[in-house]
Every structure is written in structure tokens, then in C-alpha cells.
Amino acid sequence: VITIEDFYSVPRTILPHGASFHGHLLTLNVTYESTKDNFTVEAHSNETIGSVRWKIAKQLCCPVDNIQIFTNDSLLTVNKDQKLLHQLGFSDEQILTVKTSGSGTPSGSSADSSTSSSSSSSGVFSSSYAMEQEKSLPGVVMALVCNVFDMLYQLANLEEPRITLRVRKLLLLIPTDPAIQEALDQLDSLGRKKTLLSESSSQSSKSPSLSSKQQHQPSASSILESLFRSFAPGMSTFRVLYNLEVLSSKLMPTADDDMARSCAKSFCENFLKAGGLSLVVNVMQRDSIPSEVDYETRQGVYSICLQLARFLLVGQTMPTLLDEDLTKDGIEALSSRPFRNVSRQTSRQMSLCGIPEKSSYRQLSVSDRSSIRVEEIIPAARVAIQTMEVSDFTSTVACFMRLSWAAAAGRLDLVGSSQPIKESNSLCPAGIRNRLSSSGSNCSSGSEGEPVALHAGICVRQQSVSTKDSLIAGEALSLLVTCLQLRSQQLASFYNLPCVADFIIDILLGSPSAEIRRVACDQLYTLSQTDTSAHPDVQKPNQFLLGVILTAQLPLWSPTSIMRGVNQRLLSQCMEYFDLRCQLLDDLTTSEMEQLRISPATMLEDEITWLDNFEPNRTAECETSEADNILLAGHLRLIKTLLSLCGAEKEMLGSSLIKPLLDDFLFRASGIILNSHSPAGSAAISQQDFHPKCSTANSRLAAYEVLVMLADSSPSNLQIIIKELLSMHHQPDPALTKEFDYLPPVDSRSSSGFVGLRNGGATCYMNAVFQQLYMQPGLPESLLSVDDDTDNPDDSVFYQVQSLFGHLMESKLQYYVPENFWKIFKMWNKELYVTEQQDAYEFFTSLIDQMDEYLKKMGRDQIFKNTFQGIYSDQKICEDCPHRYEREEAFMALNLGVTSCQSLEISLDQFVRGEVLEGSNAYYCEKCKEKRITVKRTCIKSLPSVLVIHLMRFGFDWESGRSIKYDEQIRFPWMLNMEPYTVSGMARQDSSSEVGENGRSMDQGGGGSPRKKVALTENYELVGVIVHSGQAHAGHYYSFIKDRRGCGKKKKK
């Protein structure tokens, strides 16, 4: 089917089943190559690449024929436009590169209309011919002529996973089963007849009589039962999934025309009247899917049911909603959502320093996708929910809670578990305690078996959750909140569900998926805004949620230095928990605080006590760990919220809170330097003391916001902050009065653990070389172990390189400025100008030559020679006599040409390729005393421990009198075998060629001694590349380096 239909590039009229319904949502990240602009396109997995091409053309305002789409450097040609995105392997956040070709006709011009008018006479013929061609496609023949569906359903019931998967793929490739479509059309016709009968009965006093045929027609409920119950005769979960996809194609057709939309609208109305919403929900109930169903089928059923439920509520597909939102202006589109956190997040990001945590749209995209506006719910769906029996509504809410909880844990199989939800007073699984035990250690759950039911801590057990499960969890939670908003008088049915508090904490804090936790935070906050003023006997949802949040026993206030396992992981997942806690507290009125007996002052005292006692875990670079930074940011945001609630108490807390924040959490190094000027600050200070406790942008931003809150409406606190900042950072230094644009390196070493080198203007070439040399295992240590006992060592290049390597090894700053090296170093006895670009290879050879000469004068081993030096063999082999001549020459790098070379191996072949000297240019053999035809070649006699290869990309055009750069692309391998280019390798090749020509071995050496047996491989691993980007006269150098600091074995590299 695929082989033949791939050649059919005409838009399909009879759609394959896989293209007839909406798949899961995909966000495509598009980069426009010409302008480097980035934008996103929303699509779904069952959309064609041709549709995506049209959306991109609309975004760029250019003809669709001019759009070229690349993915993974591969061009998606126009003949693939009928391919679906999931068939091309597209995933969420797929990266696409777009180019435009040709001048084309601008969008909206008359070209399309003129073309259509000129071809109108042949339109009927061409469409009928295309239809006949389409009917002959193998997939169409199988579906409409051979009717293979019954056989495929039987094959799927064999319970052989591989056969089921193949059947599933085949069903997606061929058109939809006509029998299922006819059954759903019958449901639609029944609804229309019922409407006509009700209208006629209202006009006539007599009730209309039904014919015998009409009386024997199946009812709508029986049709639905036969199609969507896995326990119905002849049905299975596999068929239920297929029928749900057909139902999706009827409710949400992918065809975008007026007739399809009109038919879908009519079908949707009749489907809702027939109890369609309850039917979709019932498919997700506990006992609807057998426990032995495979996970992928179960996942597909829940996913499409949630998609259908959303559509039945809102009446629009997800991409349509997103497209409408994206047409609005930025933040306004997002703030129209019923989530307060959008505006809060935006104001928080823009309040200080202009440092956003993430792009607003991308950060809230998952939450925004899952949200449902209550005011958009269509009337029929609103009535269906509001008129449910209380027991049915409670069952529906419980179903959505179970589904969301199981999906957040990546265990959808637990939705249908016959075991009840387990009650627990602990977030962690059995055997793990939230609080530390009396011995001060945490327990482990490694010996515990797989869970058989949902319980507190089920999410904490998981290391990761799939993207599809994340979407299911978000959709289910969104539908749960929507149902509760529509029936606010029944909120108690949610409050009284088993383990509802465990569910809230588990998805908010325990889920390993940041997307699920963010959706939970947003949806729960949306729930807290539900108006219950019309039902005074119902507890307000914000009070209920706050009670759950405040009473949960969590390890977020315990000492972090002794936490292990699950508790340690919870610290890195607590951001959303603190966000919701802060939002709920911030919304409380004074009367509500009194009613709930919440004292912000007491909570603030507890937080300040925790902050005073906080001792973070340190990384290998002595910085605060990522998990501790997230925990610290959460506590600081909570302190900021409590300060806003306390009001007048800020004055008293200012003096005790401001100085620790500045000295310990933000500017630790500045505080130490300031204190070192006093007699009491002369004590020895460990290097660890220099690192502030807040070492990430988020935690530092949270600390800044606390300071801003303390200073707000408090002149005394503002004065304290200003005084401390001036003493730390604004003391005059007369030595710097002559500096222009002075910018001291104050940032700490990067999280990767490496120290950079500042670019002095055009010194990128030396920085790239120095970083490569420093990363050679053992080389910087060998260099730093040499004691320079000469006079004035500070004036030597050797000492400055030692100083540079020492800073790269031990400095705690982000980068080092090698100013003294710039002043002292001379390249080939010429003064160095930092604003002039030099060749990196020339700098490398000049540097190591000067370093080895200096070591030689001191009587020390030449470190660079022992590391990089190899030996050439310049050979001259006479053909008419057995003599050969060889001259050795040392090298520090192999200089290889790049012209006409597609790979490094080809360049090496050209390097060792022999040149024939003959005629007047023949070589004079000193032993024969006459000229001989001679092969002259250069090969490698001795390989170094570290092989440096220089690709000679720079040259000089003597005609134009300018430097040029060769931009040929050259491939190079990760592992390079140098044996074929050595003396022994070349000799072995010569010997084998002579055996091939003469049938016997010939000794070319003339001495008669047997040749030593050589190894067939001399492998070198690629560990570093210095790249020049730009033209011959200007550009930039940078390095790619493999980190081998933990390598203990000696290997050639």
C-alpha cells in the first residue's frame, strides 16, 4: 500500500483512515533561513506535510510552491505532501528549517484566479480522471471492494502483539470501514427523524403513527452500546479505539469545507441528544477496558476520548483554539485564560532585571492547551453536565481524577484496577517517609513490588513520564475542573473522594513531568477561583485547596544536606507547589485568614528560621546544587508573599533579613572582600565560602524580589539596602580611574566547571589553542610542576602560560584575562597586537617552540615535543635498482591540503601519494652512479602520542594579490587509523602489490633481513577541533573539545 500510494501525489478525496481524524497536538518550531526568524506552527500528528507547508506559506506571505521544508538536513519534496506527520516521524517540538525559492507570485494576487478560470473547462474531466485513478489504489480497493475489515478484526483478536501492530498500521493506511460509518450515519438520521417527529407532533394534536419499519429500527442508545462497549458482542478494545477514531472523523472532520462543517455540526447535536457525552465518559470508567489490554491501545483510547470530550464541551478542535489565540496580541491572548498565574508570571518576569524564566508562551503552552473557558462551553454540553444525577456526576469526577492521577504516574493500567485507591498519610510510597526518621536517614523503597492500585506517592515512584501520558493527564485534569465549575454546588463530591488530598499533592509535587506539575498548578488555581457565593453551605475551593497544601507533610522544611533518594528528587520538583501556595495565600482576605486560623506572621517567622539554618549541598565546583536552588527559590517566593500579607512587620524584620540575604545568598564574595579589610576579617577563608547560596538566575531573582518587597513603602529598609550595596560594589578605586569601559569579571565559574578566557579584541585564535592544550590530560599538570628558578621569571612566556593554566584550573571566576601574556608574547619575534587576527596554527607552532626552548635552557624535558612530535620519512625509491634513500624530519602537525578532498582519509592519501621522477627530472642514484626513475614520497615513520592535523584552508591569490580561504567541506571520522600512512603500512602495501604482480615476495630493502610484523591499526580518537568561521581576512575561532579529565588509561589520541 505504501509503495504504490507514495507515487500518488494528488490530494486525496477518499481519505485513508489515519488522515480522517485529528491526532495528538504537535508544536513545530520553524526557522526561516533567510532572516533567521523563528516561529511556531501548531499541527496534529494526522495532518499532512502539505497542510503544514500551506500554514508556513501563510505565515511568510509567499506562494506555497516556493516553500522548501527541511528536517534533519533532509528536503521534504512536494511529492511527499500527502504524507502524514506521524508517518514522517514528527514529534512534539520538531525543528524545521524553511527556505524560499524563486520569485513566485505574492499571496493574494490574481495568479490563482486566472489559472482557475483558464482551467475551468477541463476541471470536470481532470477531477473525474483523478477519482478513477484514486479508486484503483490498493488501499481503496482493499477497503471498498475486497472488504477486508472482518478478517483484520479477527487477526487483531489473536492477542499477538506484532500481528495487532501490523493490523493497526494497515487500518490507518486504508479508508475507513464503511459499516462503522453507516452505523454512525444511522444515529444521525435517527436524531433528525426524532426532531421532525417532535416538530410535527407540536403542530398536530394527533400523535404521529410509526411504520413497522421505523418501529423495528435500533435505538440510538443500542447503536452506541454496540459500537463503544468493549464487552458488547463481537467487540474488543481494539475495535472500540477504531470506532472512536471514526467518531472523531464525524465530529471533527479534517476536511475544511462548508459542507463537512455543516454535517459535523448536525451530527454533533444529534450525538449529544443521544447521550454522547456520557458515552464518551463511560469509555474511560474503571470497568470499561479489560485489564489485559496493551498499554498503547489503552493510551490511544483515553487520548481520543479526552479529545472528544473537550470537543463536545467547547465545540472546537485544539488547533483551532490555538490558532485563534495566536492571532491575538501576545500577553492579552494568554491573559484571557482563567488563570491568574499568567499575569502573575508576566509581572514577576518583568518586575526585576528583565530576566524571564522562559518564554511566556512556551512556558504556559501545555497549561494553555489544556485549559477550557467555561463561557465557551456549548449549551447542549452544559445542560448534559448540569442535569446529571448526583451519583453520575460524582462518578464522572472520580473518573477524571483517576485518569489524571494514573497518567501523571505513567501507569494508565491502574485506571481500570479493581483495587480501591489506597489511603495514606504520606506522599512517598510505603517504606519511604516524608520526614526524617529518628536516626536522621531516609528509607528506601527499592524492594517494593509494582503497585496494583493508585495511592499516595504513585507519581514519586516514576523516573519519567511519556509525552502522551502528560497530555492525557493535563486534558483529564482540565475536564475535571470544568465539570466542577459547571456544578459548583457539587464541589463537596470532589472534596469527599477517596485520597483527593493525596491526588492533589502527588500531581502537584510528585510527578516527574514538569509539564504535568505546571498544568496541575494552573488548573488547581483555576478551581480555587470558582464562585460559590450562590451556595453558602459549600466550602470555598480556595480554602479547601489551601487546607490540603498547608497540612501536607512534606520534606521541604527538613535539612537538605542529609536527604537522599525520593526526598532529594522532590526538592527539584517543588517550584509548582510553592507557586500554588503563594497564589492561594495571596488571594486570602483578612476574614478568611481568621476563619482558617492562618497567621502570616507566624509562618514568616518559621520561614526566616528555616532560611537562617539553610545549608545547601555543594556541587563539585562548591556551588549550591540545582535542587537546593529550586527549593531556595520556592521559600524566598513564599517569604515575599508573606511579607506582602504582614505589612507593618517589614520594618522590624528588615535589619535581620536584609544583611543575610546580601552577604550569604547574593554577594558572598563581595562581603568577604569587604570584611577582609578589617582586622577581624584576616582569618583564613576556605574557597567554598566565596560561593553565594543562590547560584542560579531563578533563586537570585527570588532573593531580589524579597529585597524589593522589604524596601517597598519602607524608607528605613531601603536605606539599609542602599548602604550595603554601596559598601560592597561602589567603593572608589584610584587605580581604575584610567580604565575605559571597565568591566571586572564578577560572575562565578560556569556550571560545566570550566573557566573561559577573555577575548582581548581578536585573540580568539589563541584562546581556542590554549583551551585545547589545557584539556590534554597531564599536560597542564606537567607544565605547572616545573619550578622556574631563573631571574625575573614573571617576564617569560613560560611563566605567563603557567599562570594562565593555573587560573584555568583553580580560578572561581567565569573567565581569566591573560593581559600580561598579551604584552610579553611575540610571534616570530614580532610584537603581538590583540586587535589583529592571527592564524591559530602559526600561534600554536610559535608557542610550543618557545615553550620547549625555554624548558631546554633550564635542562628540563621538552613537554610539548614529547606530546606532539612525530617523524616524517622522506623516501626516494629507485625502480630500476634495489636502492632506496630515506631522510627523517620531525613535525608537530600534519599539514594537509583541502582542495579536491571530500574526506580526511582522501587528504591523507594525497599526502603520502608518491611522485614519479623521470626523464630530465630523474633522481641520481649515488650507489649506481647514474640517474634512475624514482618514486618520491613522504610518509610517517613515528607517530606522536597526540596527533595534530592542520587543514590548510588559507592561501594567497597572486593574481588578485589577496588572501583566500578554501571552504570545501571535509568529512573526518571519530576514529582514524593512521597505520596505512606509516612507513610500515606503506611497505606492507608495496609488498602485497608486488606479490600480486609477480606471484612472489620481493625484498625492496636490499639487506635481506625479514620485515618486522606490524600492527594493522594505529587508531586515534578525535578529541578536539579548532574551527575558523568567516573569511580569510576576518572571522572567529572556536573549539570543540572532548572532556577526558577522568581518563586514567594511557591511549593514543
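The values are calculated or read from the model by the stated rules, or taken from the named source; none is laboratory data. Not measured: the values here are computed from a predicted model. Note: ideal-geometry Cβ built from the backbone for every residue, glycine included; neighbour counts use all protein chains shown.
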**OP:** Considering only the range 833-871, state which residues are among the hydrophobic types (A, V, I, L, M, F, W, C) and surrounded by fewer than 18 Cβ atoms within 10 Å (Cβ to Cβ).
**Re:** 834, 858, 871
**OP:** Report yes if some residue within the range 567-574 is surrounded by fewer than 22 Cβ atoms within 10 Å (Cβ to Cβ) and of a type in the set (A, V, I, L, M); otherwise report no.
**Re:** no
**OP:** Determine which member of the set 625, 591, 599, 644 is within 24 Å of residue 813 (Cα to Cα) and of a type in the set (Ser, Thr, Tyr).
**Re:** 625
Original post:
What pairs can you find where one residue is in the range 525-553 and more than 28 Å from residue 570 (Cβ to Cβ), the other is part of a helix (DSSP H, G or I) and hydrophobic (A, V, I, L, M, F, W, C), and their Cβ atoms are less than 7 Å apart, with a gap of 6+ or different chains?
Top reply: 530/484; 532/491; 538/491; 538/492
**OP:** Output yes when any residue across the range 585-602 is hydrophobic (A, V, I, L, M, F, W, C), surrounded by 18 or more Cβ atoms within 10 Å (Cβ to Cβ) and either closer than 23 Å to residue 728 by Cβ or free of Cβ contacts under 8 Å to residues at least 40 places away in the same chain (or both), and no when none is.
**Re:** no
Original post:
With respect to residue 73, is the statement that it is among the charged types (D, E, K, R) and either modelled with pLDDT of 85 or more or surrounded by fewer than 11 Cβ atoms within 10 Å (Cβ to Cβ) (or both) true?
Top reply: yes
Subject >> Residues that are more than 27 Å from residue 947 (Cα to Cα), in contact with an Asp or Glu (Cβ under 8 Å, 6 or more places away or on another chain) and either modelled with pLDDT of 75 or more or surrounded by 16 or more Cβ atoms within 10 Å (Cβ to Cβ) (or both), drawn from the range 732-759 >> reply: 748, 749
**OP:** All but one of (1) free of Cβ contacts under 8 Å to residues at least 12 places away in the same chain; (2) on the phi > 0 side of the Ramachandran plot; (3) touching a Ser or Thr at 6+ places or on another chain (Cβ under 6 Å) hold for residue 38, so report the exception by its number.
**Re:** (2)
Original post:
Out of the range 547-565, which residues are in a helix (DSSP H, G or I) and of a type in the set (Ser, Thr, Tyr)?
Top reply: 551, 560, 561
Original post:
Which residue pairs have Cβ atoms under 8 Å apart, sit 6 or more places apart or on different chains, and have a first residue in the range 884-895 that is loosely packed, with under 15 Cβ neighbours inside 10 Å and a second that is acidic (Asp, Glu)?
Top reply: 886/874; 887/874; 888/874; 889/874
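Okay, residues lined up against (1) among the charged types (D, E, K, R); (2) out of contact with any Lys or Arg (no Cβ under 7 Å at 6 or more places or on another chain); (3) in contact (Cβ under 8 Å) with a residue 40 or more places away in the chain; (4) over 27 Å from residue 1032 (Cβ atoms):
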site: 851; (1), (2), (3), (4): no, yes, yes, yes
site: 858; (1), (2), (3), (4): no, yes, yes, yes
site: 916; (1), (2), (3), (4): no, yes, no, yes
site: 923; (1), (2), (3), (4): no, no, yes, yes
site: 940; (1), (2), (3), (4): no, yes, yes, yes
Original post:
Taking residue 896, is it in a strand (DSSP E or B), touching a strand residue (DSSP E or B) at 6+ places or on another chain (Cβ under 9 Å) and under 26 Å from residue 1037 (Cβ atoms)?
Top reply: yes
Subject >> Residue, nearest to residue 24 (Cα to Cα), within the range 218-268, restricted to residues that are hydrophobic (A, V, I, L, M, F, W, C) and not in a helix (DSSP H, G or I) >> reply: 252
Original post:
Is it the case that residue 232 is more than 25 Å from residue 44 (Cβ to Cβ) and surrounded by 20 or more Cβ atoms within 10 Å (Cβ to Cβ)?
Top reply: no
**OP:** Hey, can you tell me all the residues within the range 872-883 that are touching a Phe, Trp or Tyr at 6+ places or on another chain (Cβ under 9 Å) and buried (at least 17 other Cβ atoms within 10 Å of the Cβ)?
**Re:** 872, 875, 876, 877, 878
Subject >> Single unsatisfied condition, residue 627 versus (1) under 24 Å from residue 726 (Cβ atoms); (2) at pLDDT 85 or above; (3) not hydroxyl-bearing (Ser, Thr, Tyr) >> reply: (1)
Original post:
Of (1) modelled with pLDDT of 85 or more; (2) surrounded by fewer than 16 Cβ atoms within 10 Å (Cβ to Cβ); (3) among the acidic types (Asp, Glu), residue 132 satisfies all except one. Which?
Top reply: (1)
Subject >> Candidates 487, 435, 517, filtered to the one that is surrounded by fewer than 16 Cβ atoms within 10 Å (Cβ to Cβ), in contact with a helix residue (DSSP H, G or I) (Cβ under 7 Å, 6 or more places away or on another chain) and either modelled with pLDDT of 90 or more or under 23 Å from residue 547 (Cβ atoms) (or both) >> reply: 435
Original post:
Being among the hydroxyl-bearing types (Ser, Thr, Tyr), under 25 Å from residue 691 (Cα atoms) and at pLDDT 90 or above, is that true of even one residue in the range 779-798?
Top reply: no
**OP:** For the range 271-289, state whether one or more residues are more than 20 Å from residue 171 (Cβ to Cβ), of a type in the set (Lys, Arg) and assigned to a loop (DSSP other than H, G, I, E, B).
**Re:** yes
Original post:
From the list 171, 152, which residue is in a helix (DSSP H, G or I), touching a His at 6+ places or on another chain (Cβ under 7 Å), at pLDDT 80 or above and surrounded by 15 or more Cβ atoms within 10 Å (Cβ to Cβ)?
Top reply: 171
**OP:** Collect the residues in the range 522-539 that are surrounded by fewer than 21 Cβ atoms within 10 Å (Cβ to Cβ) and under 14 Å from residue 585 (Cα atoms), keeping them in residue-number order.
**Re:** 528, 529
Subject >> Residue check for residue 672: modelled with pLDDT under 80 and part of a helix (DSSP H, G or I) >> reply: yes
